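Chemist: One structure, pasted below without further comment.
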Amino acid sequence: MDENLLLTLLHNNARMDVTDLAMALNETEDNVVDTISQLEKDKVICGYHTIINWDRTNVDNVMALIQINATPEREYGYDRIAKKIYAFPEVDTMYLMSGKSEFIVIIYGKTMQEVSNFVGSKLATTDHVTSTSTFFVLKEYKVNGVVF
């Protein structure tokens, strides 16, 4: 089975029916189900997500991108620092970056104040974090290829 094609199909539409996947891959439905199960077990497929335009709901939702500067640890580099940061439940997404900052994290909250409190009381006080810069998203135009 062409696992890369299967992954591409699921990436484009996680709700694609197994029957349609089997037809596109020229495989049996059982083989597709078994392959998906194995990919999930192997942590190749790590989840299925829905893209929501929160502006069209009655839910308060603030997204912030936060640049984090940090000093690496001897023998561990940035990995242990990253683990401390991504362990916070407020952290939705985290990347190690090249450029002016070591990390970028994405945080969601109900208000800007809630996000600011997290940054000031938890994130900025984490060992080896030397500075943070918070950028609040004012409007989303396109997310994961979907234009709002």
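Chemist: Take region 124-148 and flag every residue that is open to solvent by 50 Å² or more (accessible area, probe 1.4 Å), part of a loop (DSSP other than H, G, I, E, B) and of a type in the set (A, V, I, L, M).
Modeler: L138
Chemist: With the condition kept exactly as written, say whether any residue in region 96-106 is out of contact with any strand residue (DSSP E or B) (no Cβ under 6 Å at 6 or more places or on another chain) and within 30 Å of D60 (Cβ to Cβ).
Modeler: Within region 96-106, none of the residues are out of contact with any strand residue (DSSP E or B) (no Cβ under 6 Å at 6 or more places or on another chain) and within 30 Å of D60 (Cβ to Cβ).
Chemist: Restricting attention to region 93-123, which residues are touching an Asp or Glu at 6+ places or on another chain (Cβ under 6 Å) and open to solvent by less than 20 Å² (accessible area, probe 1.4 Å)? Write out each step before concluding.
Modeler: Here is the first cut: in region 93-123, the ones touching an Asp or Glu at 6+ places or on another chain (Cβ under 6 Å) are 106-108, 110, 118.
Passing the criteria: I107, F118.
The values are calculated or read from the model by the stated rules, or taken from the named source; none is laboratory data. Predicted model, so just to flag it, every value in this text is computed and none were measured. Please note: Cβ atoms are built from the backbone with ideal geometry, for glycine as well, and neighbour counts cover all protein chains shown. Protein only, heavy atoms only, side chains kept; ligands, DNA and RNA dropped before computing areas. Shrake-Rupley method; radii C 1.70, N 1.55, O 1.52, S 1.80 Å.
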